[in-house]
Amino acid sequence: MQILSFESSCDETSCAVVEYAGGVFNVKSNIVASQIDIHARFGGVVPEIASRAHCEAISKITYEALEEAGVTIENDIDAICVTASPGLIGALLVGVNFAKSLAYSYGKPLVAVNHMKGHIAANYITHPELKPPFLTLIASGGHTSFVIVHDYTKTETIAGTRDDAMGEAFDKVARVMGMPYPGGAALDKLAYEGEAVLKFPSSAINGDTLDMSFSGIKTAVLNYLNSKAQKEEEYSRADVAASFVESAVSGVITKLNMALDAHPEIHSLALAGGVAANSHLRAAVTKLAKKRGIELYLPELCYCGDNGAMIAVAGILEYNEGKRADVFLNASAADEE
Ligand code: KG4
Ligand code: ZN
């Protein structure tokens, strides 16, 4: 079967065509129109501007995705999938209404997809051998959680951040260090030039909880930078980056180990979300997996950030379970099934 999918939950408008046959997902096209340049001058995503930019991009990228895949909706597409939650409500509504109109006018089935399940599903593109149950660390600009994937469509969130998302903390620290939005990837690189000599709080919350916190490290970094500026003292930006990354990542590893200890039935771990592209996190989970003797699945870098292909994959899995939406489908800012 072939799926046409849409993603517009935040600052990327994306449309993809994905074919599913014999348990394997073949991405025939995956067009991503990024709004990063538009939002960079504001230092973060401006929701109203995001919605308008989605409106401007969505028709064009749909034509591009269909053309690159060499298909037409009428003849080749079996179903249309769209991110319906969670995300910026105005941004989500653009994709949802566009997908609804296409599904209605072409008489194709419509499937609503949860964005976070989409991030998890990005792993199946590269690793069709990945089978539930497994544990996932989802880390993006808006979410950070540990999710047990019991079945392809059944997930259970067992822990999460109590404040900032991991990507949000990366972006905020990068911003005060003068890097353009979103600075997560730039901070990732800069950390290689320094040493983790500064002691910032860990992202692991003390005690038995599996929860994490990223706002404490972020505030500690901001205080350090402010105090250096006030005293007009020199400091190494690279050491700040390396120390921040170390505190953020090592705390996540502590909690991942605790989560795996608490769930001995789980033998596989996957990463998902934009921060899954972080090289330090990838290296740290690789070490953890080797030490524990568990299987590790990392999404390809091109599928870590928001994209339509991952929504198609999650949508196909829902479609196979019989899930369908109709013309009354609404978007939801909250994380809904
Ligand atoms: O999943 P995503 O594309 O969008 C959301 O659903 O939020 O994630 C975007 C987040 C941003 O905060 C971005 O800075 C972060 O992922 N990110 C990274 C890296 N690449 C992207 N954070 C740390 N290191 C990276 N290499
Ligand atoms: Zn995302």
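The values are calculated or read from the model by the stated rules, or taken from the named source; none is laboratory data. None of these values were measured; they are calculated from a predicted model. Cβ coordinates were reconstructed from backbone atoms using ideal geometry, including for glycine residues, and neighbour counts include every protein chain displayed. Quick note on the areas: whole protein, heavy atoms, side chains included, nothing else; ligands and nucleic acids left out. Shrake-Rupley method; radii C 1.70, N 1.55, O 1.52, S 1.80 Å.
Number of residues in the stretch 66-87 that are more than 16 Å from Y104 (Cβ to Cβ) and not in a loop (DSSP other than H, G, I, E, B): the value is 8.
List every residue pair whose Cβ atoms lie under 6 Å apart, where the two residues are 6 or more positions apart in sequence or sit on different chains, the first residue falls within the stretch 261-274 and is more than 16 Å from ligand 2 (Cβ to nearest atom), and the second residue, located anywhere, is aromatic (F, W, Y) and part of a strand (DSSP E or B). Taking only residues 6 or more apart or on different chains, the pairs are S268/F134. Scan the stretch 138-155 residue by residue and report those that are part of a strand (DSSP E or B) and either hydroxyl-bearing (S, T, Y) or within 13 Å of N114 (Cβ to Cβ) (or both). Correct list: I138, T144, S145, V147, V149, K154, T155. Got at least one residue in the stretch 156-165 being among the polar types (S, T, N, Q), in the same structural domain as Y297 (by TED's automatic domain parsing) and in contact with a helix residue (DSSP H, G or I) (Cβ under 7 Å, 6 or more places away or on another chain)? No, the stretch 156-165 has no match at all.
Looking only at residues in the stretch 174-184 that are assigned to a helix (DSSP H, G or I) and away from ligand 2 (no atom under 15 Å from the Cβ), the one that is least open to solvent (accessible area, probe 1.4 Å) is A174.
Open to solvent by less than 40 Å² (accessible area, probe 1.4 Å) and assigned to a loop (DSSP other than H, G, I, E, B): is that true of D171 in this structure?
Criteria not met by D171.
Residues of the stretch 74-106 that are surrounded by fewer than 18 Cβ atoms within 10 Å (Cβ to Cβ) and β-branched (V, I, T): I89 alone. Among the residues making up the stretch 11-41, those that are within 22 Å of E74 (Cα to Cα) and open to solvent by 50 Å² or more (accessible area, probe 1.4 Å) are E19, Y20, A21, N26, K28. Here the condition is being crowded, with 20+ Cβ neighbours inside 10 Å and within 16 Å of ligand 1 (Cβ to nearest atom); of I316, I311, it holds for I311 alone. Of all the criteria given as (1) near ligand 1 (Cβ under 10 Å from one of its atoms); (2) at pLDDT 95 or above; (3) surrounded by fewer than 23 Cβ atoms within 10 Å (Cβ to Cβ), the one not satisfied by E156 is (1). With respect to being modelled with pLDDT of 95 or more and either closer than 22 Å to D208 by Cα or open to solvent by less than 30 Å² (accessible area, probe 1.4 Å) (or both), L288 fits the description.
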